[in-house]
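Worksheet: the structure to be examined is printed underneath.
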Amino acid sequence: MPRFQFTIHATDGKARRGTIAMQRGEIRTPAFMPVGTAATVKAVKPQDVRASGADILLGNTYHLMLRPTAERIARLGGLHKFMGWDRPILTDSGGYQVMSLSELTKRSEEGVAFASHLDGSRHMMSPERSMEIQRLLGSDIVMAFDELVPTTSTREVQAKAMERSMRWAKRSRAGFDSGEEHAARAALFGIQQGALDEGLRKASADALKDIGFDGYAVGGLAVGEGQEAMFGVLDYAPGQLDETKPRYLMGVGKPDDIVGAVERGIDMFDCVLPTRSGRTGQAFTRNGPINIRNARFAEDQGPLDPACPCPVCSTWSRAYIHHLVRAGEILGAMLMTEHNLWFYQTLMADLRAAIEEQRLTAFASDFRAKYQAKQD
Ligand SMILES: [Zn+2]
């Protein structure tokens, strides 16, 4: 297998159906990456994550550097061995969590000093340190370290953060390349910033292209700006990036966000929604999300989603899962999460087939019509 090779097999409008070939396996795109924050996709064993159709997982640098620490994971043979997942793993840079979860943060050109949200211990995160941590974890797709500011900041603040992010992208590239053994088998993605401003987005895309990356993320979205504003940026931002490389929309999203983003040319996604929602009683179905705690499911003998091919839907009823979740049984969270992962992966498989068969527009409008006819 090559280090990193992206092949586009078919296009339909702006949407692309491709494959990323890496040493630990192939990733079919458009791809959804379940989030394994603390070296676990919560409540699901890795083999069950794989059975749902996932080709790649996401791991969180910030959480793992604090507990159990990247150095310990490296001593134990790396993240894949540690958690029992032998396929590709993408790790984020830690920047988003450092700037949103930690305390007493202090930003400078060097990086971000912060205190752990777990025990208050002091740490420094920089492009070089982020690359080192992702290398210690044994990540397959490493994300550049960037600076985030709210989409509601002034244009001047946005511009300064974008420009600093581009300087950090260059330092990330150098830091990644200095780990020669790891760089020979892993890939590095750059992250486009620029909030909701087309000119800043273009400048960011050009700066990243000059540095050169294996793939490009559209960053700084899905932070509360709303679907309309996000789609407004996605109408032009993917087209500013190198079309021969995969494009990754970080932290997205709801099923209808994903469908709309695929139509706009995005190839990769990650989101905590299927797993987090599963633990709070929300199940995704083709007819919209349902809250399984609702009393009307107490004696409903049907599956969570009649259209779902998953092992949960073929075995257990809404009534049973309603009971488990209401009773606070661990199995309730496990079954809900497994179903939701299957829902997302089945949606991705359907999107890939629709692109191959040049019927994405019809698929997307049919999906939206059913999905938005919500049951509750
Ligand atoms: Zn199911």
- Item | Single residue of the range 1-55 satisfying the filter (of a type in the set (A, V, I, L, M) and part of a loop (DSSP other than H, G, I, E, B)) that is surrounded by the most Cβ atoms within 10 Å (Cβ to Cβ) | 41
- Message: Any residue in the range 105-133 that is touching a residue at least 12 places away in the same chain (Cβ under 8 Å) sitting within a Cβ distance under 6 Å of a residue that is part of a loop (DSSP other than H, G, I, E, B) and among the aromatic types (Phe, Trp, Tyr)? List the pairs, counting only those 6 or more apart or interchain.
- Response: 127/145; 130/145
- Only one of these is closer than 26 Å to residue 89 by Cα, part of a helix (DSSP H, G or I) and away from the ligand (no atom under 12 Å from the Cβ): 336, 348. Name it. 348
- Message: Within the range 87-98, does at least one residue satisfy the condition of being surrounded by fewer than 19 Cβ atoms within 10 Å (Cβ to Cβ) and out of contact with any strand residue (DSSP E or B) (no Cβ under 6 Å at 6 or more places or on another chain)?
- Response: no
- Verdict on residue 302 being away from the ligand (no atom under 11 Å from the Cβ) and part of a helix (DSSP H, G or I): no
- Those residues of the range 305-325 which are within 14 Å of the ligand (Cβ to nearest atom) and more than 19 Å from residue 350 (Cα to Cα), in sequence order: 312, 314, 315, 316, 317, 318, 320, 321
- With respect to residue 331, is the statement that it is closer than 23 Å to residue 51 by Cβ, part of a helix (DSSP H, G or I), free of Cβ contacts under 8 Å to residues at least 60 places away in the same chain and within 14 Å of the ligand (Cβ to nearest atom) true? no
- Considering only the range 325-376, state which residues are under 21 Å from the mean Cα position of the chain (by Cα) and basic (Lys, Arg). 352
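Every number in this text was worked out from the coordinates using simple rules, so none of it is lab data. If you're wondering where the values come from, they're calculated on a predicted model, not measured in any experiment. Positions of Cβ are generated from backbone atoms using ideal geometry, with glycine treated the same way; all protein chains shown enter the neighbour counts.
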